[in-house]
1. Say whether the condition of being over 11 Å from the mean Cα position of the chain (by Cα), in contact (Cβ under 8 Å) with a residue 40 or more places away in the chain and within 23 Å of residue 20 (Cβ to Cβ) is met by at least one residue in region 82-102.
2. Just to check your reading of the model, which residue among 15, 55, 31, 36 is surrounded by 11 or more Cβ atoms within 10 Å (Cβ to Cβ), over 15 Å from the mean Cα position of the chain (by Cα) and farther than 16 Å from residue 108 by Cβ?
3. Restricting to region 40-97, count the residues that are closer than 21 Å to residue 114 by Cβ and hydrophobic (A, V, I, L, M, F, W, C).
4. Tell me which residues, restricted to region 53-72, are touching a Leu at 6+ places or on another chain (Cβ under 7 Å) and assigned to a loop (DSSP other than H, G, I, E, B).
5. Take the residues in region 39-52 that are assigned to a helix (DSSP H, G or I) and in contact (Cβ under 8 Å) with a residue 40 or more places away in the chain; name whichever of them is surrounded by the most Cβ atoms within 10 Å (Cβ to Cβ).
6. Kindly provide the set of residues from region 50-68 that are acidic (Asp, Glu) and under 16 Å from residue 78 (Cβ atoms), ordered by number.
7. Only one of (1) more than 21 Å from residue 11 (Cβ to Cβ); (2) buried (at least 16 other Cβ atoms within 10 Å of the Cβ); (3) not acidic (Asp, Glu) fails for residue 112. Which number is that?
8. Quick check on region 11-38: of everything there that is in contact (Cβ under 8 Å) with a residue 60 or more places away in the chain and not in a helix (DSSP H, G or I), which residue is nearest to residue 112 (Cα to Cα)?
Amino acid sequence: EELLKNEIIIIPHPLDPFSHGIGKNIIKKILYKKPLLEIRNSSTLPIYNKIAERLAKKYELGVVGGSDAHIAYMVGSSYTIVEVEDKNINEILNAIKNGNTIAYGGFSLLNIKFFIEKYFKK
């Protein structure tokens, strides 16, 4: 129970159909848990990042960014800034849980080649 009380739920690429996002219906069912939504993902098409961002604003959810890097050159292309006064683990975890975060980055043009090869070439 102690772990559940302090849980942090982060939903990666929540609305991206190519990455098996969980979708709006499931997100709405767990709103009471105040999940954070990934709104900047380097492997997600911009439209799906934008829809996730709108959903996070609508429900006042915290946000994160992640490079979701499967290729070395993509590491760090999207990331999360955590806003804290003291740089200790408890402060950082509380800031994340409370949504004191800023998501940066987004889809990289370098992903277009990877995307085409993965979904359209046979």
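1. Within region 82-102, not a single residue is over 11 Å from the mean Cα position of the chain (by Cα), in contact (Cβ under 8 Å) with a residue 40 or more places away in the chain and within 23 Å of residue 20 (Cβ to Cβ).
2. Working: 15 fails: over 15 Å from the mean Cα position of the chain (by Cα); 55 fails: over 15 Å from the mean Cα position of the chain (by Cα); 36 fails: over 15 Å from the mean Cα position of the chain (by Cα).
31 is the lone residue from the list that is surrounded by 11 or more Cβ atoms within 10 Å (Cβ to Cβ), over 15 Å from the mean Cα position of the chain (by Cα) and farther than 16 Å from residue 108 by Cβ.
3. 8
4. Residues satisfying the conditions are 59, 61, 62.
5. Across region 39-52, the extreme among qualifying residues is 49.
6. Matches in region 50-68: 53, 68.
7. Going through (1) more than 21 Å from residue 11 (Cβ to Cβ); (2) buried (at least 16 other Cβ atoms within 10 Å of the Cβ); (3) not acidic (Asp, Glu) one by one, residue 112 breaks only (2).
8. Ranking the qualifying residues of region 11-38, first place goes to 38.
Read-outs throughout are calculated quantities, based only on the coordinates presented, and are distinct from any laboratory measurement. Remember, predicted model here, so these are calculated numbers, not experimental data. Note: ideal-geometry Cβ built from the backbone for every residue, glycine included; neighbour counts use all protein chains shown.
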